[in-house]
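What follows is a set of notes on a single structure, which appears directly below.
Every number in this text was worked out from the coordinates using simple rules, so none of it is lab data. Only a predicted model underlies this, so the values are computations on that prediction, with no experimental measurement involved. Glycine also receives a Cβ, built like all others from the backbone with ideal geometry; neighbour counts cover every protein chain displayed.
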Ligand code: PRP
Ligand code: URA
């Protein structure tokens, strides 16, 4: 599928199956989301530009490689996107963080914003938008619109599960934003939930209902 990368690494797929299991504890669900966040971060940063720098080892001078440009911005959509954050910050500890508070109205399924705080120089940085679930894509589309309004130009979207309907909507609203996901599920149900999915990611992560 154009514009979408499915991360089919066996470790990701194994952990995802554990997360889908309705018997998985809150603690286990959160731990697995953190671990998969790390693995997805590894994949989504695979093609970051590199520059050469001269360093000196205890033996001699040499040219080493370092990531070029300004530090990344990680932009989790609250609440569930926060589940990816720790794992990704473990790999990219100097990243900046933009918090985007959105909830989905249960009737209209439209995204309602309640919080937004981002670094001021988004235009100079690559932004990874994080949310485990891409269902209708209303939340992802709204979050990306908001980041673009604030200057972001280079964005990537990272999720755990995507519905085909959500991929189509996000790709048509923001064709410049590539999607990384661990799986593409069958469909949305009448309430906008992903099937087979894993239920409500925020509730499972925080033990709410
Ligand atoms: C969930 C999920 C996504 C959104 C996806 O959030 O974490 O943000 O739904 O659905 P969409 O693609 O149809 O917009 P929710 O609104 O339940 O908020 P929460 O994370 O605070 O529980
Ligand atoms: N949000 C979730 O948390 N799960 C879904 O299946 C759809 C939206």
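Quick one: helix 10-20 against the long Cα principal axis of the chain, what's the angle to the nearest 10°, folded into 0 to 90?
Between helix and principal axis, roughly 30 degrees.
Need one number: nm distance between label points at residue 113 and residue 153, each 7 Å from Cα along Cα→Cβ, rounded to one decimal.
Going from the residue 113 label point to the residue 153 one covers 2.1 nm.
Which angle between 0 and 90 degrees, to the nearest 10, do you get for helix 26-44 versus the longest principal axis of the chain when only C-alpha atoms count?
50
May I ask you to derive the FRET efficiency for residue 195 and residue 145 from their Cβ-Cβ distance with R0 = 41 Å, giving the value to the nearest 0.05? Could you put the intermediate results ahead of the total?
On the way: r = 27 Å, r/R0 = 0.66.
Step by step, r from the Cβ atoms, then E = 0.90.
Multiplying the sequence separation of residue 18 and residue 86 by 0.36 nm and subtracting their Cα-Cα distance, what value in nm do you get?
Working: separation 68, 0.36 × 68 = 24.48 nm, distance 1.94 nm.
This chain segment gains 22.5 nm when fully extended.
For each of 1, 126, count neighbouring Cβ atoms within 10 Å of the residue's Cβ, then give the residues from fewest to most.
On the way: 1 13, 126 20.
Least crowded to most crowded, the residues run 1, 126.
State, as an integer percentage, the relative contact order of the chain based on alpha-carbon contacts under 8 Å between residues 6 or more apart. Working shown, then result.
Numbers: 399 pairs, mean separation 46.7, N = 209.
Computed over the chain, the figure is 22 percent.
If I take R0 = 41 Å and measure r between the Cβ atoms of residue 62 and residue 120 in this structure, what FRET efficiency does the formula 1/(1 + (r/R0)^6) give, to the nearest 0.05? Don't skip to the answer; put the middle values down first.
On the way: r = 37 Å, r/R0 = 0.89.
That pair, residue 62 with residue 120, gives E of 0.65.
Quick check: pseudo-label points 7 Å beyond the Cα along Cα→Cβ at residue 55 and residue 43, how many nm apart are they?
According to this spin-label approximation, the distance is 2.8 nm.
Under a no-solvent Debye model with one identical scatterer per Cα of region 4-206, what's log10 I(q)/I(0) at q = 0.12 Å⁻¹?
Cα-only, vacuum Debye calculation for region 4-206: -0.59.
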